[in-house]
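Let me begin by presenting the structure, written as structure tokens, before commenting on it.
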Amino acid sequence: MPISKDRSEPAPAQEGTPGGPTPAVLQARALTRIYRMGEVEVRALQGVDLDLAAGEFFVILGPSGSGKSTLLNILGGLDRATSGRFLFQGRDLTEADDRTLTDYRRRHVGFVFQFYNLVPSLTARENVALVTDIAEAPMTPEEALGLVGLSERLDHFPSQLSGGEQQRVAIARAVAKRPAVLLCDEPTGALDIRTGRLVLEVLDRVNRELGTTTAVITHAAAIAGMANRVARMADGGIVEIRRNETPQSPAELDW
């Protein structure tokens, strides 16, 4: 699975014009999320502003409790903001009902989590088919598993696969419906360094070959080296966003 070291830099995320900048796929404006447990109030997000450009690879860094997962869950339609706005391709989903958010997740968003969430009694092919059977214009399970380098493991059960192979099945399942956005929550968190690099190579390939806007949240600072842009979060807010002028390939990362 050859991976090029060069990644073209997307233009700033904003409303596009013919021949102009790359438009924003996801936009957050003053997002706040407050959880209340009895008399205790936890501010998980505090006024977050963020644009994700079409086709970019974006990494969000921060320690546990910084708000990374909360932000990703809102952008993926799994949670709702307490205040602020959230837009997908210019469409305001802030007040969307459950049916609309379900349709948004089903049609436009792929998720990859730290734990693979595969069905133990189904083969790799059958796990991916759970998505392809309900998507509008999906890849075949064979195409999706080939993309992640598992063409020879189609009929293996999760118990017959390594942790890295299981995570690649999870990625195949997420991208088989050809989502506009791929949201990854600590995708290498349960893996050793070598296996983690293999998984990052798959995410890199998906981003390049499918043009999928990819956002990865992680506490591993080295992963930021492969991103077009990197955000650092602390205490529920984004404290810094920077660009990588020369993103690295996963093979160059050292952590």
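Looking at L191, L198, L183 in this structure, which one is farther than 26 Å from R43 by Cα, of a type in the set (A, V, I, L, M) and not in a helix (DSSP H, G or I)? Give the steps one after another, and end with the answer.
Numbers: L198 fails: not in a helix (DSSP H, G or I); L183 fails: farther than 26 Å from R43 by Cα.
After ruling out the rest, the residue left standing is L191.
Please specify each residue of the range 89-134 satisfying the condition of being of a type in the set (D, E) and assigned to a helix (DSSP H, G or I). Residues satisfying the conditions are D98, D103, E126. Scanning the range 159-168 for residues that are under 24 Å from I217 (Cβ atoms) and in a helix (DSSP H, G or I) returns G163, G164, E165, Q166, Q167, R168.
Evaluate the range 33-41: report whether one residue or more is buried (at least 20 other Cβ atoms within 10 Å of the Cβ), modelled with pLDDT of 95 or more and among the β-branched types (V, I, T). Don't jump to the end; show me each part of the working.
Going residue by residue through the range 33-41, those that are buried (at least 20 other Cβ atoms within 10 Å of the Cβ) are 33.
This time we only want the ones that are modelled with pLDDT of 95 or more, so: 33.
Imposing the further condition that a residue be among the β-branched types (V, I, T) reduces the set to none.
No, that holds for no residue.
Yes or no: D204 of a type outside the set (S, T, N, Q), touching a Ser or Thr at 6+ places or on another chain (Cβ under 8 Å) and closer than 24 Å to T123 by Cβ? Against the criterion (of a type outside the set (S, T, N, Q), touching a Ser or Thr at 6+ places or on another chain (Cβ under 8 Å) and closer than 24 Å to T123 by Cβ), D204 does not qualify.
May I ask you to say which residue of A190, A172, A215, A144 is surrounded by fewer than 24 Cβ atoms within 10 Å (Cβ to Cβ) and not basic (K, R)?
Numbers: A172 fails: surrounded by fewer than 24 Cβ atoms within 10 Å (Cβ to Cβ); A215 fails: surrounded by fewer than 24 Cβ atoms within 10 Å (Cβ to Cβ); A144 fails: surrounded by fewer than 24 Cβ atoms within 10 Å (Cβ to Cβ).
Just one listed residue meets the conditions, A190.
Any residue in the range 140-154 that is free of Cβ contacts under 8 Å to residues at least 60 places away in the same chain and in contact with a strand residue (DSSP E or B) (Cβ under 7 Å, 6 or more places away or on another chain)? No: zero hits. For the range 84-102, residues that are of a type in the set (S, T, N, Q) and crowded, with 21+ Cβ neighbours inside 10 Å total 0.
Can you tell me which residue within the range 99-140, out of those that are of a type in the set (D, E) and under 21 Å from the mean Cα position of the chain (by Cα), is farthest from V169 (Cα to Cα)? Working first, answer last.
Just the residues of the range 99-140 that are of a type in the set (D, E), to begin with: 103, 126, 133, 136.
The next check asks that each one be under 21 Å from the mean Cα position of the chain (by Cα); those that pass are 103, 136.
Numbers: D103: 23, E136: 20 Å.
Among residues in the range 99-140 that are of a type in the set (D, E) and under 21 Å from the mean Cα position of the chain (by Cα), the one farthest from V169 (Cα to Cα) is D103.
Take the residues in the range 193-222 that are of a type in the set (D, E, K, R) and in contact with a helix residue (DSSP H, G or I) (Cβ under 8 Å, 6 or more places away or on another chain), then tell me which one is farthest from A24 (Cα to Cα). Write out each step before concluding.
The initial filter retains those residues of the range 193-222 that are of a type in the set (D, E, K, R), namely 194, 197, 201, 204-205, 208-209.
When the remaining residues are screened for being in contact with a helix residue (DSSP H, G or I) (Cβ under 8 Å, 6 or more places away or on another chain), the result is 197, 201, 204-205, 209.
Details: R197: 28, E201: 25, D204: 20, R205: 21, E209: 19 Å.
Here the answer is R197.
Only one entry in T70, T102, T82, T132 is among the polar types (S, T, N, Q) and touching a Pro at 6+ places or on another chain (Cβ under 7 Å), namely T132.
Which residues, taken from the range 135-149, are within 18 Å of N207 (Cα to Cα) and outside any helix (DSSP H, G or I)?
Taking the range 135-149 first, the residues within 18 Å of N207 (Cα to Cα) are 138-139, 143-149.
Once the filter is applied, which keeps residues that are within 18 Å of N207 (Cα to Cα) and outside any helix (DSSP H, G or I), the range 135-149 yields P138, M139, V148, G149.
For I171, the conditions (1) part of a helix (DSSP H, G or I); (2) modelled with pLDDT of 95 or more; (3) more than 26 Å from S66 (Cα to Cα) all hold with the exception of (3).
Of the residues making up the range 169-189, at least one is touching a strand residue (DSSP E or B) at 6+ places or on another chain (Cβ under 7 Å), on the phi > 0 side of the Ramachandran plot and touching a residue at least 40 places away in the same chain (Cβ under 8 Å).
Evaluate the following for E209: is it free of Cβ contacts under 8 Å to residues at least 12 places away in the same chain and of a type outside the set (F, W, Y)? Walk me through it before giving the result.
Working: free of Cβ contacts under 8 Å to residues at least 12 places away in the same chain: no; of a type outside the set (F, W, Y): yes.
In short, no.
Taking the criterion of being surrounded by fewer than 18 Cβ atoms within 10 Å (Cβ to Cβ) and assigned to a strand (DSSP E or B), the only residue of the range 52-83 that qualifies is S83.
The values are calculated or read from the model by the stated rules, or taken from the named source; none is laboratory data. What you see is a predicted model; the values in this text were computed from it and never measured. FYI the Cβ positions are ideal-geometry reconstructions off the backbone, even for glycines, and counts take in every protein chain you see.
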